[in-house]
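K.L.:
Sharing a structure below in structure tokens format, with a few things to ask.
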2 protein chains.
Amino acid sequence: MGRKSFGMPLGYHGLMQLTGHSFLAGRRSLTVTDPFQAIAPATNTPLAPHFYSATLDELNQAVEAAEAAFPTYAKTSGATRAKLLRAIAAGLEAVSAELVERAHLETALPMARLQGEVGRTANQLRLFAEVVEEGSWVNARIDTALPERKPLPRPDLRSMLFPLGPVVVFGASNFPLAFSVAGGDTASALAAGNPVIVKAHAAHPGTSELVGGIVTEAVAACGLPAGVFSLLFDAGLEIGTALVQHPAVQAVAFTGSHKAGRSLMNLAAARPKPIPCFTEMSSTNPVFVLAGVLAEKPEVLATALHGSFTLGAGQFCTKPGMVFVPEGPGASEFGTKLRELARSSAAFTMLTPGIAGAYRSELTRRATLPAVTATQAAATDACAAAAILFETSSEDLAADPTLAEEHFGPSLLVVSCATRTAALESARRLEGHLTATILGTEEDLAAHAELLAILEQKVGRLIFNGYPTGVEVSHAMVHGGPYPSTSDRRFTSVGTQAIFRFVGPRCYQNFPGGMLPAELQDSNPLGILRMMDGVVGRA
Amino acid sequence: MGRKSFGMPLGYHGLMQLTGHSFLAGRRSLTVTDPFQAIAPATNTPLAPHFYSATLDELNQAVEAAEAAFPTYAKTSGATRAKLLRAIAAGLEAVSAELVERAHLETALPMARLQGEVGRTANQLRLFAEVVEEGSWVNARIDTALPERKPLPRPDLRSMLFPLGPVVVFGASNFPLAFSVAGGDTASALAAGNPVIVKAHAAHPGTSELVGGIVTEAVAACGLPAGVFSLLFDAGLEIGTALVQHPAVQAVAFTGSHKAGRSLMNLAAARPKPIPCFTEMSSTNPVFVLAGVLAEKPEVLATALHGSFTLGAGQFCTKPGMVFVPEGPGASEFGTKLRELARSSAAFTMLTPGIAGAYRSELTRRATLPAVTATQAAATDACAAAAILFETSSEDLAADPTLAEEHFGPSLLVVSCATRTAALESARRLEGHLTATILGTEEDLAAHAELLAILEQKVGRLIFNGYPTGVEVSHAMVHGGPYPSTSDRRFTSVGTQAIFRFVGPRCYQNFPGGMLPAELQDSNPLGILRMMDGVVGRA
């Protein structure tokens, strides 16, 4: 197919008209392959237009363009990258209405939630813009020369973080904006100075195309090489697989299922030259209710927990999927209230027929287990899902650990713990999760230091008297955790520290000042915080 | 075997008497397995005493003790860990004479070099002590609550870096002290708050036992749980393999060959729960001589380069193994001088018969290639190695990339580049290396921005007018680089940033101050640098 499939240049006119074609470094593919369509979950019907999976030839064009753009883009200033990120943010806001409308059709997520997600995505881009504009994030370190040192002189050493190269980002089904084409992975990879190739999620290709157009326009408007961004469609697995295996790709970011995430990890590790592959995969986000607060306000807790596990139809990475409740005062009221709320929940429309099907099939499996009691709301058609409550004991959970696995959708497992020891043992048996939540009075918490110590080793974020849904995009946020919640607990995919996934240090020894990046020059022209001979300052 | 193999408690009396037994969390193994011995490379004869490979049962005891020690050790203050690191440093210095004597027997490295390595190892421990005592390295971040924010309030979020858990460290053949039992990997893992299980290198078990005794005593003297440190012997691969596969092990650090390193990477990635595995593997450390300086002082360059590639018998990770020389003024004198120096080099004794054998066999293979001219010094017996110079052209190197692979020992490949384009193409074809060196005048360097840009993507450290051997242990040092030089170019194994391999972030949301680590408490009791709402300071 070759270069011929580089077609039509873009323009704002063409931007909002969906074509179904991938963006290849600033141009649209014109290749027509087997078409696929998005399915509107609300009606279970296909949505226009047809989308066309990228070809392997197009994939190579996109990656080669990214590779060619990298040396230029890697050397852009923080100010330039900030301009790009802000241009994308402004572009999203400018077409917010169209974005929300299309995303609503493709995902059945409520308009208000999607409007919020546009804001979150734009703010996320602007937060990374601030970080790279300020510039200190590069961790610049200077060890000055000690020519008189004995037995050997010390050379002048200067290091900082640099981008890795083309990064592949996989769109996520449950955040069509904030975790997809211009979401946190793309924002952090671009902020760091890496070109990005996005594999669009096949469940919201129209939303992806709209955002892809905005990013493409922003790259052009900022005068950056077009290879800084490409967006590839694929109904299947071929493009994603080939992207992770492409020799010029230097890192991967993914949010999705454990099965898909592990498969990408394995591909990345099996390459002739392995690359970093950050996958955020599965988490049941255990909640521990402590005795004091349970006795005080069982129904308040139940209501808040119901709100959290059914939020967004339970389709959040941080949905609390499992709650450990001590027997004793309040337990009965807590259970009764939860059952009542579960039973009376409105039906939810899930993101895709596949997700709804998987939800129902696991629901059916669990509901028939002898050790489990199920309380379910009614639900009817293809993408509809009923809220469900499963109840079991800590002993039965220990006997069937599959109950502790992520069940994506509006379900909650309530685990009754007969003793404090039973709760501690349940905590010890936990796999890695993104979050753990403790609901209790301050006295409760102080009396449960052992529980806290166990949970600290299991998760990336600990919440006291809150709920894990609602992941703040900020400097201190950690959206990460031990396997299987992520592939590498040393990183986070939300918050400004997400940038560290896509950079590595490089050191210059005895280089003349003029050949050094601005961040490492004697005069500190950018005025960033640096470590000079071990002391941090702006000198 | 069970607990019975936990035997004899230690004491300084027993410390310096080699027993050949592993250290299992503060006690010596008493298990007698098939014995092995160190070989003195200088005489190719076995050294007393016999050493005994640890059993899998003992391995489990060591790892379980590490796991049990972790919660306590992870919560120790920076001051406590600094005390431990300094106690180890003092212990090394106290028995410096015995250490140097034994290491000299086991490695044939010169006494002066080993004396220097004791100092380097002690200084390295003390540098990490300073870092953790000062405390700001944990990257504490606080985003204060914004209860009035619309549409949703922001919770209080506080994050910092925490240790991962038991770390497995592999001793390295070429640094019996600085990269082995109490070397940089152990120092950084302990500094971060992780228990360490060292797999001793079988080529210097006596040195390892001496250092293992010092660390064991220091752990006890500091009142820390004995599981903080174990040292396991093994003549084969079984213990190393089982350590990397043990479910309680949370990270791995290795320095050695590409084959062994990749094999450990694969093991770590194939675990049911993959773990970080930092391997530093192979690097040829290319040197580019530029035309200006070559014309100016060809013989000076040749002499310095000869000094660097033969230093320590060429057994450094950073040995410059490949030099690219432009045709033109000075090239002939440079070549003549190098040949003369190579031919007249004294014979070297290599670390082990195996390393010497591998060196000679690759030497023989290369010397018979038609595209290669070899100039060799004389060498005689088992562990002796002759310096050798291979000469070829950039075209012939392109045709046989095996010549660019690491050849561990005192050899150098001189690559003649007919044109500047040929040199740039050679640079583009480079694999990942730890370092690249440019020798030139400042005018040369300024005129070679393209070469610099290529090399920046190939290595972790760039050196101008210096030599890559001599790796400073400091804040700015980067001893890392793209695969195959290391498993993950986002990290370094030398310098204070090596600590970041063994930690990950954890976030506390809405926690009462009393339940937070000191680093995250409002009053900043440790006075560390923190990021508060995006602004770094000590407030």
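K.L.:
Sequence-distant or interchain residues sharing an amide H contact under 5 Å with B:Ser393, placed H: which?
P.N.:
Distant-sequence amide H within range of B:Ser393: B:Ser416.
K.L.:
Let me ask another. Between A:Ala221 and A:Arg428, what length comes free when the chain is fully extended (0.36 nm per residue of separation minus the Cα-Cα distance, one decimal in nm)?
P.N.:
69.2 nm
K.L.:
Could I ask something else about it? What is the sum of charges around A:Phe500, taking Lys and Arg as +1, Asp and Glu as -1, for the other residues whose C-beta is under 9 Å from the C-beta of A:Phe500?
P.N.:
It works out to a net charge of +3.
K.L.:
Next question, about the same structure. Would you work out the relative contact order for chain A, in percent, from Cα pairs under 8 angstrom that are 6 or more residues apart?
P.N.:
16 percent
K.L.:
Something else about it: Would you give the gap between the C-alpha center of segment B:50-80 and the C-alpha center of segment A:333-404, rounded to a whole Å?
P.N.:
Cα centres, segment B:50-80 to segment A:333-404: 42 Å.
K.L.:
Using protein heavy atoms only (no ligands, DNA or RNA), what is the total accessible area buried between A and B, 1.4 Å probe, nearest 100 Å²?
P.N.:
6100 Å²
K.L.:
Kindly report the accessible area of segment A:211-262 per residue (heavy atoms of protein chains, probe 1.4 Å, no ligands, DNA or RNA), in Å².
P.N.:
Per residue, segment A:211-262 has an accessible area of 30 Å².
K.L.:
Would you kindly calculate the translational diffusion coefficient of segment B:285-336, applying Stokes-Einstein with the Kirkwood radius from alpha carbon pairs, for 20 °C and a viscosity of 1.002 mPa s, and quote it in µm² s⁻¹ without decimals?
P.N.:
D = 190 µm²/s.
K.L.:
Please report the spacing between the Cα centers of segment B:136-190 and segment B:407-438 in Å, no decimals.
P.N.:
With segment B:136-190 and segment B:407-438 each reduced to a Cα centre, they are spaced 36 Å.
K.L.:
With r as the distance between the Cβ atoms of B:Met111 and B:Ala371 and R0 = 30 Å, compute the FRET efficiency 1/(1 + (r/R0)^6) and round to 0.05.
P.N.:
With R0 = 30 Å, the Cβ-Cβ based efficiency is 0.15.
K.L.:
Along segment A:211-222, what does the Karplus equation 6.51 cos²θ - 1.76 cosθ + 1.60 (θ = phi - 60°) give for ³J(HN,Hα), rounded to whole Hz, x for Gly and Pro?
P.N.:
5, x, x, 5, 5, 4, 5, 5, 4, 5, 4, 8
K.L.:
How big is the dipole moment of chain A about its Cα centre under a simple scheme where the beta carbon of each Lys and Arg is +1, that of each Asp and Glu is -1, and everything else is neutral? Debye, nearest 20, please.
P.N.:
Dipole of chain A, to the nearest 20 debye: 1240 debye.
K.L.:
Can you list the residues, at least 5 places off or on another chain, whose amide H is less than 5 Å from the amide H of A:Met322, using H built in the peptide plane?
P.N.:
The list, which skips near neighbours in sequence, is A:Val287, A:Leu413.
K.L.:
Ratio of alpha-carbon Rg to the 2.2 N^0.38 Å globular estimate for the protein assembly as shown, to two decimals, please.
P.N.:
That works out to 0.96 for the protein assembly as shown.
K.L.:
Mind putting a number on the dipole of the protein assembly as shown about its Cα centre? Charges go on the C-beta only, +1 for Lys and Arg and -1 for Asp and Glu, and I need it in Debye to the nearest 20.
P.N.:
Roughly 80 debye, rounded to the nearest 20.
K.L.:
So what's the back-of-envelope 222 nm ellipticity for the protein assembly as shown, counting only DSSP H runs of four-plus at -39500 (n - 2.57) apiece and dividing by all residues, rounded to 500?
P.N.:
Theoretical 222 nm ellipticity from helices: -11500 deg cm²/dmol.
K.L.:
Need one number: nm distance between label points at A:Lys150 and B:Ala94, each 7 Å from Cα along Cα→Cβ, rounded to one decimal.
P.N.:
Reported label-point gap for A:Lys150 and B:Ala94 is 2.7 nm.
K.L.:
In chain B, with Lys and Arg counted as +1 and Asp and Glu as -1 at Cβ, which of these residues, B:Phe36, B:Ile275, B:Ala202, has the Cα nearest the positive end of the dipole, that is, farthest along it?
P.N.:
Going by the charge dipole, the pick is B:Ile275.
K.L.:
Put the label 7 Å from Cα along Cα→Cβ for B:Ala398; what are its distances to the other copies, in nanometres, shortest first?
P.N.:
Result, one decimal in nm: 6.8.
K.L.:
Here's another thing I want to ask about it. If you plug each phi of segment B:302-313 into the Karplus form 6.51 cos²θ - 1.76 cosθ + 1.60 with θ = phi - 60°, what whole-Hz ³J(HN,Hα) values come out, in order, with x for Gly and Pro?
P.N.:
4, 5, 5, 5, 4, x, 6, 6, 9, 4, x, 6
K.L.:
Of all accessible surface on chain A at a 1.4 Å probe, what whole percent is carbon and sulfur?
P.N.:
Carbon-and-sulfur percentage of accessible area, whole number: 58.
K.L.:
A follow-up question, please. Reachable aspartates and glutamates from B:Lys259, Cα under 13 Å, same-chain residues fewer than 8 places away excluded?
P.N.:
Leaving aside aspartates and glutamates fewer than 8 places away in the same chain, those within reach of B:Lys259 are B:Glu280, B:Glu405, B:Glu406.
K.L.:
Tell me the distances, shortest first, between A:Gly537 and the same position across the other copies, using label points 7 Å along Cα→Cβ, in nm to one decimal.
P.N.:
Sorted ascending, the copy-to-copy spacings read 1.7 nm.
K.L.:
What do you get when you divide the Cα radius of gyration of segment A:214-359 by 2.2 N^0.38 Å, with N the number of residues?
P.N.:
Here the Cα radius of gyration is 1.51 times the empirical estimate.
K.L.:
Specify, for chain B, the residue whose C-beta is closest to the rotation axis mapping it onto chain A, with the distance given in whole Å.
P.N.:
B:Ala269, 2
K.L.:
Greater than 21 Å separation of Cα atoms is the criterion. Which listed pairs, A:Lys83/A:Lys199; B:Lys297/B:Lys337; A:Lys150/B:Lys458, meet it?
P.N.:
As for pairs spanning more than 21 Å Cα to Cα, those are A:Lys83/A:Lys199; A:Lys150/B:Lys458.
K.L.:
Give me, ordered by chain and number, the residues 5 or more places off B:Leu146 or on other chains with an amide H under 5 Å from its own placed amide H.
P.N.:
Under 5 Å from the amide H of B:Leu146: B:Arg154.
K.L.:
Which of the three applies to segment A:328-385, rounded, prolate or oblate, going by the alpha-carbon gyration tensor with a ≥ b ≥ c and a/c under 1.5 meaning rounded?
P.N.:
It comes out oblate by the Cα gyration axes.
K.L.:
A follow-up question, please. Just check segment B:415-539 against the gyration tensor rule for me: Cα atoms, a ≥ b ≥ c as the square roots of the eigenvalues, rounded for a/c under 1.5, and otherwise prolate or oblate depending on whether a/b exceeds b/c.
P.N.:
prolate
K.L.:
While we're here: I need the phi-derived Karplus couplings for segment B:274-290: 6.51 cos²θ - 1.76 cosθ + 1.60, θ = phi - 60°, integer Hz, Gly and Pro marked x.
P.N.:
Each residue's phi maps through the Karplus curve to give x, 10, x, 9, 8, 10, 10, 10, 8, 7, 9, 6, x, 10, 10, 8, 9 Hz.
K.L.:
Sorted from shortest, what are the nm distances separating the label point of A:Pro525 from equivalent points in the other copies, each placed 7 Å from Cα along Cα to C-beta?
P.N.:
4.6
K.L.:
Ordering A:Phe316, B:Phe502 by how much accessible area each has at a 1.4 Å probe, largest first, what is the list?
P.N.:
A:Phe316, B:Phe502
K.L.:
For chain A, rounded, prolate or oblate, judged on the Cα gyration tensor with a ≥ b ≥ c (square roots of eigenvalues), a/c < 1.5 rounded, else prolate if a/b > b/c?
P.N.:
Judged from the Cα gyration tensor, chain A comes out oblate (a/c at least 1.5, b/c at or above a/b).
The values are calculated or read from the model by the stated rules, or taken from the named source; none is laboratory data. Please read these numbers as outputs of a predicted model, since none were measured by experiment. So basically every Cβ, Gly included, is an ideal-geometry build from the backbone, and we count neighbours across all protein chains shown. Only protein heavy atoms, including side chains, enter the accessible area calculation; ligands, DNA and RNA are left aside. Shrake-Rupley method; radii C 1.70, N 1.55, O 1.52, S 1.80 Å.
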